[in-house]
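**Q** This structure is in structure tokens; I'll ask about it shortly.
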Amino acid sequence: MDNYSWTGAKRELLYRLGNRTDVSNRADTWLNSAQQLMAASEIDLPRLEVVQNPFYVHEDLSEYDVDDQLGEIVGIRLVRNETTEMFMTRFTFEEYRNLSSQSTGSPQRWSRKGNLFVIDPKPDGPYELKIDFRRQPYDQTMEVDNRWQEHLITLANAIGFRALRQYNEFTALFSTLPITFQRSLAEPLDQDMWENLWNMQGLIYK
């Protein structure tokens with residue numbers, strides 16, 4: 001059982017903000033923002049990990065809208081070609097865009113830009129992929145487990161202090177956060193940075 005429900009976390013956050021009555025509606029936003037920052041960090045969040053199997057790719061089609069099939073995602077960890085039983089390697093989207101032409105065959109590489117997921121070579125027939133990815137947390141839903149819930153509230157508290165321009169309180173509280181969370185708030189990982197944590201270009205998984 002969780003230490004905090006979403007309602008309980010919001011109640012605790014408002015208490016730490018001095019029981020202000022004018023920020024009740026904003027408290028949900030600060031908790032949502034904190035949870036999204038945590039999702040985009042390197043910490044372990046099992047509730048957000050999803051495996052899409054199968055993910056179908058089709059003959060002569062190299063580009064796919066992953067939002068249609070996977071929903072909103074933080075990043076992809078691994079892609080496996082289930083038809084050939086081989087893990088696919090990640091390559092940069094710029095390299096994909098610079099391809100003058102594509103060979104056809106069994107997909108061996110993948111890349112992503114926003115909602116656009118691309119594969120190379122161009123499939124010579126239908127294939128089934130398995131995609132391990134982290135999804136975005138749902139709004140106003142406790143998506144982090146007990147290990148991180150106290151940090152979630154502290155991070156949301158810091159975001160609230162900054163939004164309220166209580167900079168002294170923000171600075172004092174920010175310094176108490178673990179380094180991972182300080183980095184998440186100061187320099188959130190973008191898509192490429194997050195996916196690079198889990199997919200080293202050219203690495204073959206066995």
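The values are calculated or read from the model by the stated rules, or taken from the named source; none is laboratory data. No experiment lies behind these values; they were computed from the predicted model shown. Backbone-built Cβ (ideal geometry, glycine too); neighbour counts: all protein chains shown.
**Q** Could you pull out the residue among D60, D67 that is under 19 Å from the mean Cα position of the chain (by Cα) and of a type in the set (D, E)?
**A** None of the other options fit; the residue is D67.
**Q** Condition (residue is polar (S, T, N, Q), at pLDDT 95 or above and surrounded by 15 or more Cβ atoms within 10 Å (Cβ to Cβ)) applied to region 39-46: is it met by at least one residue?
**A** The answer is no; no qualifying residue exists.
**Q** Does region 178-190 contain at least one residue that is within 30 Å of D22 (Cα to Cα), part of a loop (DSSP other than H, G, I, E, B) and touching a residue at least 40 places away in the same chain (Cβ under 8 Å)?
**A** yes
**Q** Criterion first (closer than 30 Å to H151 by Cα, assigned by TED's automatic domain parsing to the domain that holds D132 and hydrophobic (A, V, I, L, M, F, W, C)) does L70 satisfy it?
**A** yes
**Q** Considering only region 31-86, state which residues are within 18 Å of N196 (Cα to Cα), out of contact with any Pro (no Cβ under 7 Å at 6 or more places or on another chain) and in a helix (DSSP H, G or I).
**A** The one that is within 18 Å of N196 (Cα to Cα), out of contact with any Pro (no Cβ under 7 Å at 6 or more places or on another chain) and in a helix (DSSP H, G or I): M38.
**Q** Another one. Within region 1-37, track down each residue that is more than 27 Å from R183 (Cβ to Cβ) and charged (D, E, K, R).
**A** R11, R20, D22
**Q** Further, regarding this structure: For region 89-121, which positions are crowded, with 20+ Cβ neighbours inside 10 Å and more than 20 Å from the chain's Cα centre (by Cα)?
**A** If the condition is that a residue be crowded, with 20+ Cβ neighbours inside 10 Å and more than 20 Å from the chain's Cα centre (by Cα), then Y96, P107, I119, D120 are the ones that fit.
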